[in-house]
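Accompanying notes for the structure given below.
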Amino acid sequence: MNALIRLTPAGPRLFEDDARVFVPLAECGAARAVQLAPADDPFALADHLAALEAIAVDFPRPTDGRGYSIARILRERLGWRGELRAVGAGALGQLAFMARCG
């Protein structure tokens, strides 16, 4: 079971996993949820954004900042307003930086 920590106005809140399957970018096709690896190009999703419900951005190590760049590109340059998840090795102290990226 995976848990999801979602930032709310009252602070971080723990949610149970919603059982969606996040597929890698290379297999996105007709998927409703996609997971982007640090080396993935978020612009490759540009034509698929309208069909997606959620995007997960992988943080393989707490010191790997590529996920922040991916999140900013999705929000600011591609206009993604749907659910954006950070998955992997994050630290509680990074939540403010993640929130700033979207």
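The values are calculated or read from the model by the stated rules, or taken from the named source; none is laboratory data. These numbers were taken from a predicted model, which means no experiment stands behind them. Cβ atoms come from the backbone with ideal geometry, glycine included; neighbour counts cover every protein chain shown. With ligands, DNA and RNA removed, areas are computed over all heavy atoms of the protein, side chains included. Shrake-Rupley method; radii C 1.70, N 1.55, O 1.52, S 1.80 Å.
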Worksheet, complete the sentence: Here the residues within the range 17-39 that are assigned to a loop (DSSP other than H, G, I, E, B) and within 12 Å of the chain's Cα centre (by Cα) are Phe22, Ala37, Pro38
Worksheet item: Residue check, Ala50 against (1) in a helix (DSSP H, G or I); (2) open to solvent by 80 Å² or more (accessible area, probe 1.4 Å); (3) under 18 Å from Val87 (Cα atoms), all met but one. Which one?
Response: (3)
Worksheet item: How about the range 53-102: which of its residues are modelled with pLDDT under 85, surrounded by 13 or more Cβ atoms within 10 Å (Cβ to Cβ) and of a type in the set (Ser, Thr, Tyr)?
Response: Tyr68
Practice prompt. Looking only at the range 12-23, decide whether some residue is at pLDDT 75 or above and surrounded by 10 or more Cβ atoms within 10 Å (Cβ to Cβ).
Written response: yes
